[in-house]
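S.K.: After the structure tokens below, expect a handful of questions from me.
Taken together, the values in this text are just the output of simple stated rules run on the coordinates, not laboratory data. Quantities reported herein were computed from a predicted structural model and do not represent experimental measurements. Note: ideal-geometry Cβ built from the backbone for every residue, glycine included; neighbour counts use all protein chains shown.
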Amino acid sequence: MILVYDGTFEGFLSLVHEVYYKKYVPHAITKKEPHANLLDEVVTIEYDEAKAVKVFRALQKEFPKEAQKTIMHIFLCDTNPFELDLLEYIKLGFKNQKELQNINNPHVFTIINLQKELFRHYHKYSGFLRFEELEDGTLYAKIDSKFSLTYLLGAHFVKRFNNQNFIIHDVKRALAFAKYAEEAQVRSVADFELPSLSDEEEKFKKLWQTFFKSVAIETRKNERLQKQLVPLVYRTYMSEFIETKVFKVLLFVHWIYC
Amino acid sequence: MKKDIYAKMQILSDSAKYDVSCSSSGSENNYKTGELGATHNSGICHTFSADGRCISLLKVLLTNYCIYDCAYCINRASNDIPRAAFSPRELADITINFYKRNYIEGLFLSSGIIESENHTMELILRVLEILRYEHRFNGYIHVKLIPGSDAVLIERVVRLASRVSSNIELPSDASLKLLAPNKTKEKVLQPLKLARDLSFERTEKPIGMSTQLIVGATPESDFEILKLSSVLYEKALLKRVYYSAYIPVNEHKNLPALVDKPPLLREHRLYQADWLVRFYGFGYDEILSQERPNLDEALDPKTIWAMQNLHLFPIEINTASKEELIRIPGIGIRGAHKILRARRFQRLTFEDLSKLKISLKRARYFITCHREFQKEVPLYEETLRRALTAPKKTHMPNLFDVSGITGEL
């Protein structure tokens, strides 16, 4: 049996409700209508507020705080097919909340590791995210990450940039965390046109690239290690790497045509 | 001639890069409403340079003018190299702007000695005051204390910095005399002792301090180096010692001849041993001794220790204490925690350990899992060494491989 839900947290809670009351035993849970073969039974589960709220209350009552957080975190790992494991994790918690600590259980192990992976990404991006200063002094960062990190990163940067206005823009998910004055929240972004950058932006970018280049020690050069520590997927918006990439492309073009 | 700011940045970061320390970890999370900057307990790497080192702090010299003439140092007075200096305000401005763009966690400020020790220290203090008081900056600031400057100045710097350090550079007084005639170990440690006493007086968390030792420029053995570090840790003088494989930048009659590769593996092994001392409860004399003064390059120090102490092995995974678990080669703090957590629910087997993604590459020779144990390699030093250092078998199947079982292509 394949269950289909709308991909939202609330939708998933409704699904948990149905699994309990209709005794479904799914072997897959998907966000979109699957190309199932004839033998698979496909059930689409509609979001139902009453059911979702009921499950949510039960989670709050039965699960320890840590596990509740884990469930929320797993939902940020939106590119990972976590649904079946999460369903088992929730079922296990309702049965016996002590078992949620048992990492010998493959579902618990998967969930805990997925959460760790999320934290790893979050930690990496807390260092690798790059802001640019806009004309009005707002700091603006683009992000293109595997998991949805705007919430976590937003909270992180509210602490550091407490007297600044800033935006973290998740390009693919069309989400943005914006902090203006005292207000901070995640909004969806339909269409965004980047205002012009401040006059000083170029200067500091160039200074940073200068620093980045000259701080490396030639006799210890180890680009493989560098690639292992800053994998290419993180480099999309990191100016210190963009410049060298352009240079390499230019070299390549030069090599072909000259 | 007035240099433009890019040239200054190039010169002054180039001169600072041989300092290994770049960590921003170990400080409290300390953000304040309405202010800029916070430190992060685990430290954050903001990028990695082409040599694979973490860049966490803006590591620059305030100036590379220097009145000293230390043989190993690129900035020694007798070297003919381009010189430059930031003004305190200029440097504070760059720091703030780098921080706002999330390029860095903060500043790592060191300096050549310009005019006098006190004058240099005053300039550094000025940078700190601009950052802390004018910009209300709470991010990380690491300052290299200038040996020989006044206690009053050091005290003021210590109050504003997140961490201070002073580089011993060479592990013995004799070597210092040979290569750094203007320094003695006493003089180098003086600011650190002062800073320690200051922070003991304060009620807050004591300030973190570190130092750096150059490895491979002078004949000291690993034993002497490790002994020095652990004494410094014991005296609560330091939080960390950095080891820096000697990279020749100068020629000098007292320095080893120029070699093309710095002793990176030796540096790596020293760090491993240092970790064992700081986090794994090892004494330096358990790892090395007068008879065995140097670390083995082929195997890590914990494995070597285990092979010297085979009477303690094998260790039973299901009953060993945490202290015993972390002494098993290949099992680290994280692995030990996983084992402790998992065995509350069931008796663990080798298969369970693999499922928990605990590496058994080295550990399997040293453990039992409830009567289960590896049987191929007997527990003797020679056989273990052979098994552990055997080259990896990598077999890439190719198109013309014949299946061993059926003889088919």
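S.K.: Would you mind working out the magnitude of the charge dipole of the protein assembly as shown relative to its Cα centre, with +1 at each Lys and Arg C-beta and -1 at each Asp and Glu C-beta, to the nearest 20 Debye? Working shown, then result.
M.R.: Details: 93 positive and 84 negative charges, 217 e Å.
About 1040 debye.
S.K.: For the stretch B:1-119, report the % of Cα-Cα distances exceeding 16 Å.
M.R.: Numbers: 4565 of 7021 pairs.
Of all Cα-Cα pairs in the stretch B:1-119, 65 percent lie more than 16 Å apart.
S.K.: Which far-off residues, 5 or more places away or on another chain, put their amide H under 5 Å from the one on B:Asn318, with H placed in the peptide plane?
M.R.: Counting only residues 5 or more places away or on other chains, the set is B:His370.
S.K.: Still on this structure, please answer the following. According to a simple spin-label model (label point 7 Å from Cα along Cα-to-Cβ), what is the distance in nm between A:Leu225 and B:Leu265?
M.R.: It is 1.5 nm.
S.K.: Sum -39500 (n - 2.57) across every DSSP H segment of at least 4 residues in chain B, then divide by the residue count to get the 222 nm mean residue ellipticity, nearest 500. Intermediate results must be reported in sequence, preceding the final value.
M.R.: Details: 14 runs with 142 residues, N = 409.
So the calculated ellipticity at 222 nm is -10000 deg cm²/dmol.
S.K.: Which residues make up the longest stretch of chain B that has no GluC sites (Glu not before Pro) in a DSSP loop with at most 15 other Cβ atoms within 10 Å? Could the numbers behind the result be given before it?
M.R.: Details: sites that count: B:Glu28, B:Glu115, B:Glu204, B:Glu251, B:Glu291, B:Glu297, B:Glu376, B:Glu408.
Counting at most 15 other Cβ atoms within 10 Å as exposed, the longest clean stretch of chain B is B:116-203.
S.K.: With a cap of 14 neighbouring Cβ atoms within 10 Å, and only residues DSSP puts in a loop, list the chymotrypsin sites (Phe, Trp or Tyr not before Pro) found in the stretch A:111-205.
M.R.: Working: sites: A:Phe119, A:Tyr122, A:Tyr125, A:Phe128, A:Phe131, A:Tyr140, A:Phe147, A:Tyr151, A:Phe157, A:Phe161, A:Phe166, A:Phe177, A:Tyr180, A:Phe192, A:Phe204; in loops: A:Phe147, A:Phe192.
Of the chymotrypsin sites (Phe, Trp or Tyr not before Pro), the ones in loops of the stretch A:111-205 whose Cβ has at most 14 other Cβ atoms within 10 Å are A:Phe192.
S.K.: Pairs A:Lys91/A:Lys146; A:Lys142/A:Lys227; A:Lys91/A:Lys124; A:Lys91/A:Lys116; B:Lys32/B:Lys144; A:Lys23/B:Lys355: which exceed 23 Å Cα-Cα?
M.R.: Over 23 Å Cα-Cα: A:Lys91/A:Lys146; A:Lys91/A:Lys124; B:Lys32/B:Lys144; A:Lys23/B:Lys355.
S.K.: Among B:Cys73, B:Phe86, B:Ser42, whose Cα projects farthest towards the positive end of the dipole of the stretch B:37-135, with charges put on the beta-carbon of Lys, Arg (+1) and Asp, Glu (-1)?
M.R.: Most positive-ward Cα: B:Ser42.
S.K.: Just how large is the dipole of chain B about the Cα centre, in debye to the nearest 20, putting +1 at every Lys and Arg Cβ and -1 at every Asp and Glu Cβ? Write down the numbers at each step before the final one.
M.R.: Values: 57 positive and 49 negative charges, 228 e Å.
For chain B, the charge dipole is close to 1100 debye.
S.K.: Ordered by residue, what ³J(HN,Hα) values in Hz, to whole numbers, does the stretch B:39-48 give under the Karplus form 6.51 cos²θ - 1.76 cosθ + 1.60, where θ = phi - 60° and Gly and Pro are x?
M.R.: Rounded to whole hertz, the list is 9, 10, 4, 7, x, 9, 8, 9, 5, 10.
S.K.: Please identify the GluC sites (Glu not before Pro) of the stretch A:119-218 that satisfy two criteria: DSSP loop assignment and at most 12 other Cβ atoms within 10 Å. Which are they?
M.R.: Values: sites: A:Glu132, A:Glu133, A:Glu135, A:Glu182, A:Glu183, A:Glu193, A:Glu200, A:Glu201, A:Glu202, A:Glu218; in loops: A:Glu135, A:Glu182, A:Glu193, A:Glu200.
In loop regions of the stretch A:119-218 (DSSP not H, G, I, E or B), the sparsely surrounded GluC sites (Glu not before Pro) are A:Glu135, A:Glu182, A:Glu193, A:Glu200.
S.K.: If you don't mind, there's one more thing I want to ask. Points 7 angstrom from Cα along the Cβ direction at B:Ser78 and B:Leu312: gap in nanometres?
M.R.: With each label point 7 Å from Cα toward Cβ, the separation is 4.8 nm.
S.K.: So, one more: Identify, among A:Tyr20, B:Cys22, A:Ile168, the residue whose Cα sits farthest towards the positive end of the charge dipole of the protein assembly as shown, taking +1 on the Cβ of Lys and Arg and -1 on the Cβ of Asp and Glu, with the dipole about the Cα centre.
M.R.: A:Tyr20
S.K.: Could you run the Debye sum over the Cα atoms of the stretch B:301-389, one equal point scatterer each and no solvent, and tell me log10 of I(q)/I(0) at q = 0.22 Å⁻¹, two decimals?
M.R.: Debye curve over Cα of the stretch B:301-389, log10 I(q)/I(0) at q = 0.22 Å⁻¹: -1.09.
S.K.: Separate question: Which of the three applies to the protein assembly as shown, rounded, prolate or oblate, going by the alpha-carbon gyration tensor with a ≥ b ≥ c and a/c under 1.5 meaning rounded?
M.R.: Details: a/c = 1.81, a/b = 1.27, b/c = 1.42.
Oblate.
S.K.: Looking at chain B as a GNM with Cα springs under 10 Å, which of B:Arg343, B:Arg327, B:Arg76 has the largest mean-square fluctuation?
M.R.: Comparing B:Arg343, B:Arg327, B:Arg76 in a Gaussian network model of chain B, the most mobile one is B:Arg343.
S.K.: So what are the ³J(HN,Hα) numbers for the stretch A:155-171, from phi and the Karplus equation (6.51, -1.76, 1.60; θ = phi - 60°), rounded to whole Hz, Gly and Pro as x?
M.R.: Taking θ as phi minus 60°, the curve returns 4, 4, 7, 4, 5, 6, 9, 5, 9, 10, 9, 8, 10, 10, 10, 7, 5 Hz for the stretch A:155-171.
S.K.: Here is a follow-up. Per 0.36 nm of contour for each residue apart, how much would the distance between B:Arg386 and B:Ala7 grow if the chain were fully extended, relative to their Cα-Cα spacing?
M.R.: Length gained, B:Arg386 through B:Ala7: 131.1 nm.
S.K.: Can you list the HN-Hα couplings for the stretch A:94-111, worked out from phi with the Karplus curve (6.51, -1.76, 1.60; θ = phi - 60°), rounded to whole Hz and with x for Gly and Pro?
M.R.: Computed from phi, the couplings for the stretch A:94-111 are 5, 6, 7, 5, 5, 5, 5, 8, 7, 6, 6, 6, x, 5, 4, 4, 4, 4 Hz.
S.K.: Further, regarding this structure: Only loop residues by DSSP count here, and only those with at most 15 other Cβ atoms within 10 Å; note down the trypsin sites (Lys or Arg not before Pro) in the stretch B:124-230 that meet that. Display every interim value, and only then the final one.
M.R.: Working: sites: B:Arg126, B:Arg132, B:Arg136, B:Lys144, B:Arg156, B:Arg159, B:Arg163, B:Lys177, B:Lys183, B:Lys185, B:Lys187, B:Lys193, B:Arg196, B:Arg202, B:Lys227; in loops: B:Arg136, B:Lys183, B:Arg202.
Answer in residue order: B:Arg136, B:Arg202.
S.K.: Between the stretch A:83-147 and the stretch A:158-234, what's the alpha-carbon centroid distance in Å?
M.R.: 21
S.K.: Please find, in a Gaussian network model of chain A (springs between Cα atoms separated by less than 10 Å), the residue of A:Asn165, A:Asn80, A:Asn104 whose mean-square fluctuation is greatest.
M.R.: Of the options given, A:Asn104 has the highest mean-square fluctuation.
S.K.: Moving on to the next point. Compute the separation of the alpha-carbon centres of the stretch B:114-149 and the stretch B:94-113 and state it in Å as a whole number.
M.R.: That distance is 12 Å.
S.K.: Isolated Cys in chain B by the 4.7 Å beta carbon test?
M.R.: Unpaired cysteines in chain B: B:Cys22, B:Cys66, B:Cys369.
S.K.: Extending each Cα 7 Å along its Cβ direction at B:Lys355 and B:Lys177, get the distance between those two points in nm, one decimal.
M.R.: With each label placed 7 Å out from Cα toward Cβ, I get 6.5 nm.
S.K.: Let me ask something additional. Roughly speaking, what is the stretch gain from A:Asp191 to A:Glu117, that is 0.36 nm per residue apart minus the C-alpha to C-alpha distance, in nm to one decimal? Working shown, then result.
M.R.: Working: separation 74, 0.36 × 74 = 26.64 nm, distance 3.04 nm.
Fully extending the segment from A:Asp191 to A:Glu117 adds 23.6 nm.
S.K.: Additional query: Given the options B:Leu237, B:Leu348, B:Leu198, state which has the largest fluctuation in a GNM of chain B using a 10 Å cut-off (strictly under) for Cα springs.
M.R.: Looking only at B:Leu237, B:Leu348, B:Leu198, the biggest GNM fluctuation is shown by B:Leu348.
S.K.: Still on this structure, I have one more. I'd like to know which of A:Tyr237, A:Ile29, B:Gly52 lies farthest towards the positive end of the charge dipole of the protein assembly as shown, counting +1 on Cβ of Lys and Arg and -1 on Cβ of Asp and Glu.
M.R.: Of the options given, the answer is A:Ile29.
S.K.: Give me the dipole magnitude in Debye, nearest 20, for the stretch B:301-389 about the Cα centre, with unit charges on the beta carbon: positive for Lys and Arg, negative for Asp and Glu. Could the numbers behind the result be given before it?
M.R.: Working: 18 positive and 9 negative charges, 88 e Å.
Its charge dipole is roughly 420 debye.
S.K.: Follow-up. So what is the 222 nm mean residue ellipticity for chain A from helices alone, if each DSSP H run of at least 4 adds -39500 (n - 2.57) and you divide by all residues, rounding to the nearest 500 deg cm²/dmol? Each step should come with its number before you reach the end.
M.R.: Numbers: 9 runs with 127 residues, N = 258.
Estimated from H runs of four or more residues: -16000 deg cm²/dmol.
S.K.: For the stretch A:121-221, build the convex hull from the C-alpha positions and give me its volume per residue in Å³. Please report the intermediate quantities before stating the final value.
M.R.: On the way: hull volume 12.5 nm³, N = 101.
Normalising the Cα hull of the stretch A:121-221 by residue number yields 124 Å³.
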